[in-house]
Amino acid sequence: MARGSRALQWISLVVLLHSAYSTYDYLTQLKAADRPLDHIPNDVSLEALVSLALFILGTVLAAPKMVEITWAKEMGKRSIDEMDSRLGFA
């Protein structure tokens, strides 16, 4: 699953770069036509949000399996002597 999640992250990066280029191109065309700078088109904003969602999904899928962290599980690996051998506050 790691390869698929990494591929999803790369795809989201390409989509984000495309939306950045589209924004740059749109603003350049507005400046060339001497029109006032308007808001970014909705399709470019949607493209950036889809890219963000794909990146988050790829990151979640690439995360390692969560492990249980409890005192009982930790004490199963260690002895009480290891835990009490730490220096206390002086």
Relative contact order computed over the chain (Cα-Cα under 8 Å; 6+ residues apart), in percent: 44 percent
What do you reckon, how do ARG35, ARG3, ARG78 stack up by accessible area (1.4 Å probe), largest on top? ARG3, ARG35, ARG78
The chain: calculated mean residue ellipticity at 222 nm from DSSP helix runs of at least 4, using -39500 (n - 2.57): -23500 deg cm²/dmol
Among (1) 3, 14, 18, 16, 12, 10, 8, 7, 6, 4, 2, 1, 1, 0, 0; (2) 3, 13, 13, 13, 13, 13, 10, 8, 5, 4, 3, 1, 0; (3) 2, 12, 13, 11, 9, 8, 7, 7, 7, 6, 5, 5, 4, 3, 2, 0, the entry that matches P(r) over Cα pairs in 5 Å bins from 0, in percent as calculated here: (3)
Counting only protein heavy atoms and leaving out ligands, DNA and RNA, the solvent-accessible surface of LEU13 at a 1.4 Å probe, in Å² to the nearest 10, equals 70 Å²
Given a 1.4 angstrom probe, what's the average accessible area per residue across the chain, in square angstrom? 87 Å²
How about the chain: which chymotrypsin sites (Phe, Trp or Tyr not before Pro) there are in a DSSP loop, with at most 12 other Cβ atoms within 10 Å of their Cβ? PHE89
Nitroxide proxy distance, nm - points 7 Å out along Cα→Cβ at LEU57 and ILE69: 2.9 nm
Solvent exposure ordering (accessible area, 1.4 Å, most first) of SER79, SER51: SER79, SER51
Accessible surface of LEU61 in the full protein assembly, 1.4 angstrom probe, to the nearest 10 Å²? 70 Å²
Taking Cα atoms, the helix 42-62 axis meets the longest principal axis of the chain at an angle in degrees (rounded to 10) of 20 degrees
Whenever you get a sec, compute what percent of the accessible area on the range 1-50 sits on carbon and sulfur atoms (1.4 Å probe). 66 percent
How much accessible area does ASP81 have with a 1.4 Å probe, in Å² rounded to the nearest 10? 120 Å²
Nearest-20 debye value, the chain charge dipole, Cβ charges on Lys, Arg, Asp, Glu: 300 debye
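The values are calculated or read from the model by the stated rules, or taken from the named source; none is laboratory data. Quick caveat: nothing in here was measured; it's all calculated off a predicted structure. Because the Cβ atoms are built from the backbone with ideal geometry, glycine has one as well, and the counts that use them run over all protein chains shown. For the accessible areas, the whole protein counts, side chains as well, though only heavy atoms, and no ligand, DNA or RNA atoms are used. Shrake-Rupley method; radii C 1.70, N 1.55, O 1.52, S 1.80 Å.
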